[in-house]
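This report concerns only the one structure given below.
Bear in mind these aren't lab numbers, they're just calculated from the coordinates by the rules spelled out. Computed from a prediction, not measured in an experiment: that's the story for all the values here. With ideal geometry, Cβ positions are generated from the backbone for all residues, glycine too; neighbour counts draw on all protein chains shown.
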Amino acid sequence: MTSFPTAASKEALEQGETLSPRFDAAGLIAAVATHADTGEVLMLAWMNAEALSRTIATGEAHYFSRSRNELWHKGATSGQVQMVDELRVDCDQDAVWLKVRPQGDGGACHTGAVSCFYRAVEGGKLVRR
């Protein structure tokens, strides 16, 4: 079981040097992945403590699949591995931001799109971009 330390105070949480992620009641933290070169938002996923630890240890993005209830190494089956250039945590450590370099054909979405955010709302309808 992987674990992270709990911040001793709000000051330590928000200003300290210790990674003390605040996972939700389900043991998850939101993770946003953007392309390291373009800044494009690629996906929003979830991490548990093990996924976060493996991401830090390997330099490759690992997530937790809520639908499959299992750890997921991004690209293990699709080839769309995400190499992590930088991992940031937000001010109160309840979300992470990964700047990644997608491998393979550069896609991030299971639909084959470069980004999971490939549709825009226009006039109340979804339009592919």
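Annotations for the structure displayed:
- Phi angles of region 67-78 translate, via the Karplus equation with coefficients 6.51, -1.76, 1.60 and θ = phi - 60°, into HN-Hα couplings of 6, 9, 6, 7, 5, 9, 8, 4, x, 4, 9, 8 Hz per residue; Gly and Pro are given as x.
- With K and R counted +1 and D and E -1, the other residues having a Cβ less than 14 Å from that of Ser20 yield a net charge of -4.
- Karplus (6.51, -1.76, 1.60) ³J(HN,Hα), θ = phi - 60°, over region 82-88, in Hz, Gly and Pro reported as x: 10, 7, 8, 7, 8, 10, 10
- Compactness of the chain - radius of gyration and Dmax, Cα, Å: 15.6, 49
- Helices in the chain, meaning DSSP H runs of at least 4 residues, each add -39500 (n - 2.57). Divided by all residues, the mean residue ellipticity at 222 nm is -3500 deg cm²/dmol.
- Among Arg22, Arg68, Arg88, residue whose mean-square fluctuation peaks in a GNM of the chain (springs only between Cα atoms under 10 Å): Arg68
- Fraction of beta bridges assigned by DSSP in the chain that are antiparallel (%, nearest 5): 80
- Straight Cα distances below 16 angstrom link Lys10 to the aspartates and glutamates Asp90, Asp92, Asp94, with same-chain residues fewer than 8 positions distant left out.
- Here the Gaussian network model covers the chain, with springs between Cα atoms less than 10 Å apart; of Gln93, Gln15, Gln82, Gln15 fluctuates the most.
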